[in-house]
Amino acid sequence: MSFFYSQIALLLAVLGPISVALPDVRSRVSSPASASSAASSVAQVPPKGWNSWDAFGAGVNETEFLDCSELVANNLLTYGFDTVTVDMDWYKYGSGARITVIDKWGRPQPAIEKWPRGFRPVADKVHSMGLKFGVHIVLGVHKSALVADSPIKGGPDGVTVNDVVDLSQTCGWYHDVYGLNMTVPGAQEFYDSVIGQLVDWGVDFIKHDCVFGGSPALSDIHAVANAIRKTGKPLVYSLSPGSAYDPLQGLRVQPYANMYRISRDFHGSYPQMLMEHFPESKQNAAAGLIGGRGGNGRSWPDLDMLPPNLDPERSETASIMILWAIARSPLIWGGDPRPGARHHDPKSMPVLQNRELLRVSDLSSNNRELWSRPALHIYNDSLLAHRALPKSEGWAEGAGQPPFAGKGASYGPSTRSALPRTKCNLGALGAGSDLYVNHSTTVEWSMQWCQ
């Protein structure tokens, strides 16, 4: 058994008591055809999908995006990955992609050199695959609209974007936008027109960037949530990024959003950054934020996108996938699914298709950390030190009794005896012997052992 799959057998108690039912994940996959259902159905489980940024950056075009969408539909849709998203700068063209394309109302438009047919035909094609279509937007209004002094569709007569802009509200890493002064007539109407256009294009998922973390642009978030509500369409609303996040911010935005970043950008190659995710997850669980009531449905703290390369033999992959599942983070993958592509990793797809992890992500509850100790053992040439309890601290051969008081976690269907026992060799983790787990044995595998 590989390292990765031995860790899957031990995920039964990563964060503490877990209650899980086990229907087939495919029964939970929704389709754009269900868009007429009640808005309360949005994000009932952590959103899952694919995003273009890690594989293509700002340069993704229609052909590349649809090719990847088809592969996601063929390989991941039945596992719940039902949304494909175009990330930032789809409205930029020219050398260095510095010019923003806008319409007469100051709203960003798809750059024709990348999206020659616009977004409506792309959304229609994505929907025909059974997928949902997502688009990235940024804070407020673009400078191009200010230069053009664009009027506001549906706004008061004579009011332009320059009347509603807040020049003190900027984006520290994207210097082409400003926030809006939501106390001024016309500001809400501007957001209404932007979101209304996205809905006209067939968008199902909105990633709103540079509005969260640090000093959240709460008035802009509220305005976009109001605009979404006015459309009557059950859009999934995502907030980003998440640097300097604390759970109080989550409590403030939870009623408006369906997912919100709780970490700075994470690309899977920074062990220290991965370690930051453990206390972040612990805090959100303690605050009751996981799966709380959100905009038009439920809301989920987001640990950021899964890294593009998910090698099951790397210890980091096990740590990432187990934590993302047990913390019930959205699972958004950014790898290139095209075989033969320069950055394609064929090992990633089977990891994303692991039904045990997906069932925990979708169906577990009461997930929380129980116990942690400093790291003791480093292995696999990794900077991550993974710890298992030696016999002197409570491990018994073949038993795995946890060193804490109270009832431990259980993971399995109601008829647990039907499940086979799984042998997990913990020698590399310092336990000194094999452990047999039958999916109903109480086992402690604390997040903090991945330090």
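The values are calculated or read from the model by the stated rules, or taken from the named source; none is laboratory data. Computed from a predicted model, the values in this text were never measured in an experiment. Virtual Cβ from ideal backbone geometry, glycine too; neighbours counted across all protein chains shown.
Here is how the numbers come out for the structure above:
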read-out	value
Some residue of the stretch 99-121 being among the polar types (S, T, N, Q), in a strand (DSSP E or B) and touching a His at 6+ places or on another chain (Cβ under 8 Å)	yes
Condition met for Tyr260 (of a type in the set (Ser, Thr, Tyr) and in a strand (DSSP E or B))	yes
Test: Ala73 is at pLDDT below 95 and under 23 Å from Asp362 (Cβ atoms)	no
Residues being farther than 16 Å from Phe212 by Cβ, out of contact with any Lys or Arg (no Cβ under 9 Å at 6 or more places or on another chain) and either in contact (Cβ under 8 Å) with a residue 12 or more places away in the chain or of a type outside the set (Gly, Ala, Ser) (or both) - total across the stretch 164-179	4
Candidate set: the stretch 326-349, residues that are charged (D, E, K, R) and closer than 20 Å to Val60 by Cβ; chosen: the one surrounded by the most Cβ atoms within 10 Å (Cβ to Cβ)	Asp336
Selection within the stretch 208-220 - modelled with pLDDT under 95 and not hydrophobic (A, V, I, L, M, F, W, C)	Gly213, Gly214, Ser215, Pro216
Residue match in the stretch 282-292 (condition: in a helix (DSSP H, G or I), over 23 Å from Asp209 (Cβ atoms) and in contact with a Cys (Cβ under 9 Å, 6 or more places away or on another chain))	no
Residue count, the stretch 293-307 (criterion: more than 8 Å from the chain's Cα centre (by Cα) and either touching a residue at least 60 places away in the same chain (Cβ under 8 Å) or part of a loop (DSSP other than H, G, I, E, B) (or both))	8
Selection count, the stretch 221-249, where residues are modelled with pLDDT of 95 or more, surrounded by 21 or more Cβ atoms within 10 Å (Cβ to Cβ) and in contact with a helix residue (DSSP H, G or I) (Cβ under 8 Å, 6 or more places away or on another chain)	8
